[in-house]
Number of protein chains: 2
Amino acid sequence: MSCSAPIGVFDSGIGGLTVAREIMRQIPNETIIYFGDTARVPYGSKSKKTIITYSRQIVKFLQTKNVKAIVIACNTASAFALETVSQEVSIPVIGVVKPGAKVAAETTRNGKIGIIGTEGTINSGIYNTYLSKTNPNVKVYGKACPLFVPLVEEGWLTDPITVEVAKRYMNELTDYDIDTLVLGCTHYPLIRHTIGSILGDKVTLVNPAFETARTLKEVLELKGLESINPAGDHKFYVSDGAEKFKKFANTILPCEVVETKDVNIESFADSIG
Amino acid sequence: MSCSAPIGVFDSGIGGLTVAREIMRQIPNETIIYFGDTARVPYGSKSKKTIITYSRQIVKFLQTKNVKAIVIACNTASAFALETVSQEVSIPVIGVVKPGAKVAAETTRNGKIGIIGTEGTINSGIYNTYLSKTNPNVKVYGKACPLFVPLVEEGWLTDPITVEVAKRYMNELTDYDIDTLVLGCTHYPLIRHTIGSILGDKVTLVNPAFETARTLKEVLELKGLESINPAGDHKFYVSDGAEKFKKFANTILPCEVVETKDVNIESFADSIG
């Protein structure tokens, strides 16, 4: 596998762009091939079997682009498909849940950790599973925040309405005296300042997107796969609505997204070659 | 077909319960078999081909319950699948778009009609198509309101946050001097008082759920299919999350939902027998 090969990053839609952004910031030499499954979003309410099927198709597609590593930039797909998919390919596959959980367990001082995410992620209990593996003594308090994704997608990142909604959601968690909060949905880093200003200095926010990029950097170094040349053009693919995706991507990425292509993702067979 | 046979009602999830509720109110003798496709919700972002496939599977399922008529209580499925599906079965199939559009065209005095709905419904332009068929002189102003569905699903129906979001969305429409507004998403009747109090008496709200139940009543009478006996137990089926569905249904229906069953909807072949 060549060091100059790109990194494959995929998500159920646009949220994973916050992970792509962190990779661009922390390891700027790496070229990204991004796939957003915008036709089949959201993943949160779908079964494990379906998510594995979808993830296999996407991995198959990314392999046609000769990626040297894959980042599953989606909490649900990380929870349901990482284990299966990573055993089926020979390149490293990294999810967002494990790096975030690891740092949260290391960060907490009073052992009380809050997790916010979509209903799917919170109900799956995936963060609890990883956190209790790392430190069996921590107490984990999950809170689904279903309004955050549409608020972010409206672009109301610091809007008084978003502040009010965030206050409502955070109230429940502050009652538990948490000192660490995991932003367990890839959209949430875009409103982390709003969330942080409500919780104050007492609570440390953990951004899995940041931790995932750091883990990727370590894995590439360990395997001698770091790119030594400047990154090429990042490329963006979606299963629906390429123009809408491009517009949103350009509001959050540090590079200009010139082109986004539609892919018929279902044509990529559900098997790993 | 027996008059005592039930009415099949389906939606992508829980929104269609507002249509079921209107049927229970207006034609209380009818028994309802409801199917909510909660595993594959939302329909708004999916392709026409996919929605037709899903709708065919659901119609096939409803036919196993010997329904005498079917109501597509979902704007997207009404837009994409009604025409195809109604040609494939011998019983009446009624959608929510046409009855709502018809009444809006009859209601407006200044010819300026607003439509609110999900992004899928607004972008499909389906209301514009029906409205201009009924009255080519009307002007139609669409506004996607993506926060309304999650606000309703949080149960924040009259919450100050919902009022503030509604004000923001309505501002754009009042600029166009509309005198009629179609609630083009089955969740919206649950916040019609909030919307109505912002727009004031000058704007008439059209509730397609109400108009659809009225159309169903007329069709049953025309075909001599009205039930002459009291309704039996209404039955509720979903493709995922039966317990959560039951809880929500009990907050909005005039009857008690005792049992909700999970159905493997994909096992119903994509063909109409």
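So which strands (runs of 3 or more DSSP E) stay within the range B:118-233 end to end and still have 3 or more residues that are out of contact with any Phe, Trp or Tyr (no Cβ under 7 Å at 6 or more places or on another chain), buried (at least 16 other Cβ atoms within 10 Å of the Cβ) and away from every other protein chain (no Cβ under 14 Å)?
Those strands (runs of 3 or more DSSP E) span B:180-183, B:204-206.
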### Message
So B:I70 passes all but one of these: (1) crowded, with 24+ Cβ neighbours inside 10 Å; (2) under 22 Å from B:I116 (Cβ atoms); (3) away from chain A (no Cβ under 14 Å). Which condition number does it fail?
### Response
(2)
### Query
Within the range B:38-69, restricting attention to residues that are within 16 Å of the chain's Cα centre (by Cα) and farther than 15 Å from B:V263 by Cβ, which residue is modelled with the highest pLDDT?
B:A69
### Task
From (1) outside any helix (DSSP H, G or I); (2) buried (at least 18 other Cβ atoms within 10 Å of the Cβ), pick out the condition that doesn't hold for A:F245.
(1)
### Query
Among the residues of the range A:25-37, is any within 14 Å of chain B (Cβ to nearest Cβ) and touching a residue at least 60 places away in the same chain (Cβ under 8 Å)?
yes
### Task
Scan (1) surrounded by 23 or more Cβ atoms within 10 Å (Cβ to Cβ); (2) in contact with a Gly (Cβ under 8 Å, 6 or more places away or on another chain) for the single condition A:I113 breaks and write down its number.
(2)
### Query
Before we move on, is B:V93 free of Cβ contacts under 8 Å to residues at least 60 places away in the same chain, under 16 Å from the mean Cα position of the chain (by Cα) and either surrounded by 23 or more Cβ atoms within 10 Å (Cβ to Cβ) or under 26 Å from B:G232 (Cβ atoms) (or both)?
yes
### Query
For the range A:36-53, what are the residues that are closer than 18 Å to A:E88 by Cα and surrounded by 23 or more Cβ atoms within 10 Å (Cβ to Cβ)?
A:I51
### Summary
Quick count over the range B:125-145, residues being in contact with a Gly (Cβ under 9 Å, 6 or more places away or on another chain) and either of a type outside the set (D, E, K, R) or on the phi > 0 side of the Ramachandran plot (or both), is 13
### Query
Can you name the condition, by its number, that B:T53 falls short on among (1) in a helix (DSSP H, G or I); (2) under 22 Å from B:C255 (Cβ atoms); (3) within 14 Å of another protein chain (Cβ to nearest Cβ)?
(2)
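Among the listed residues A:G8, A:G15, identify the single one that is part of a strand (DSSP E or B), surrounded by 23 or more Cβ atoms within 10 Å (Cβ to Cβ) and of a type outside the set (F, W, Y).
A:G8
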### Residues of the range B:180-199 satisfying the condition of being in contact with a helix residue (DSSP H, G or I) (Cβ under 9 Å, 6 or more places away or on another chain) and small (G, A, S)
B:G184, B:S197
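In the range A:73-104, how many residues are more than 18 Å from A:V206 (Cα to Cα), touching a strand residue (DSSP E or B) at 6+ places or on another chain (Cβ under 8 Å) and not in a helix (DSSP H, G or I)?
In the first step, residues of the range A:73-104 are kept if they are more than 18 Å from A:V206 (Cα to Cα); the result is A:77, A:80-93.
With touching a strand residue (DSSP E or B) at 6+ places or on another chain (Cβ under 8 Å) added as a condition, the list becomes A:77, A:81-82, A:85-86, A:89, A:91-93.
Filter once more, so that each one left must be not in a helix (DSSP H, G or I): A:89, A:91-93.
So the count comes out to 4.
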### Query
For the range B:259-269, what are the residues that are outside any strand (DSSP E or B), surrounded by fewer than 13 Cβ atoms within 10 Å (Cβ to Cβ) and away from chain A (no Cβ under 14 Å)?
B:E259, B:A269
### Query
Is one or more of the residues making up the range B:122-129 assigned by TED's automatic domain parsing to the domain that holds B:I191 and aromatic (F, W, Y)?
yes
#### Entry: Residue selected from the range B:234-248 under the condition within 14 Å of another protein chain (Cβ to nearest Cβ) and touching a helix residue (DSSP H, G or I) at 6+ places or on another chain (Cβ under 7 Å), by the criterion nearest to B:T260 (Cα to Cα)
B:V238
### Pick from the range A:249-258, criterion surrounded by fewer than 20 Cβ atoms within 10 Å (Cβ to Cβ) and assigned to a helix (DSSP H, G or I), ranking: nearest to the other protein chains (Cβ to nearest Cβ)
A:T251
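Yes or no: B:K235 farther than 24 Å from A:K167 by Cβ, charged (D, E, K, R) and at pLDDT below 95? Steps first, answer last, please.
Numbers: farther than 24 Å from A:K167 by Cβ: yes; charged (D, E, K, R): yes; at pLDDT below 95: no.
Judged against the criteria, B:K235 is not a match.
The rows are residues; the columns are (1) of a type in the set (S, T, Y); (2) at pLDDT 95 or above; (3) out of contact with any strand residue (DSSP E or B) (no Cβ under 6 Å at 6 or more places or on another chain).
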{"position": "A:L199", "(1), (2), (3)": "no, yes, yes"}
{"position": "A:F210", "(1), (2), (3)": "no, yes, yes"}
{"position": "A:T215", "(1), (2), (3)": "yes, yes, no"}
{"position": "A:K223", "(1), (2), (3)": "no, yes, yes"}
{"position": "A:S227", "(1), (2), (3)": "yes, yes, yes"}
{"position": "A:G241", "(1), (2), (3)": "no, no, yes"}
{"position": "A:P254", "(1), (2), (3)": "no, no, yes"}
{"position": "A:S267", "(1), (2), (3)": "yes, no, yes"}
{"position": "A:I272", "(1), (2), (3)": "no, no, yes"}
### Query
Checking A:F35 against (1) within 19 Å of A:T76 (Cα to Cα); (2) modelled with pLDDT of 95 or more; (3) in a loop (DSSP other than H, G, I, E, B); (4) of a type outside the set (G, A, S), which single condition isn't satisfied?
(3)
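The values are calculated or read from the model by the stated rules, or taken from the named source; none is laboratory data. All figures in this text were calculated on a predicted structure; none of them were measured in a lab. Every residue, glycine as well, gets a Cβ built from its backbone with ideal geometry; the counts of neighbours run over all protein chains shown.
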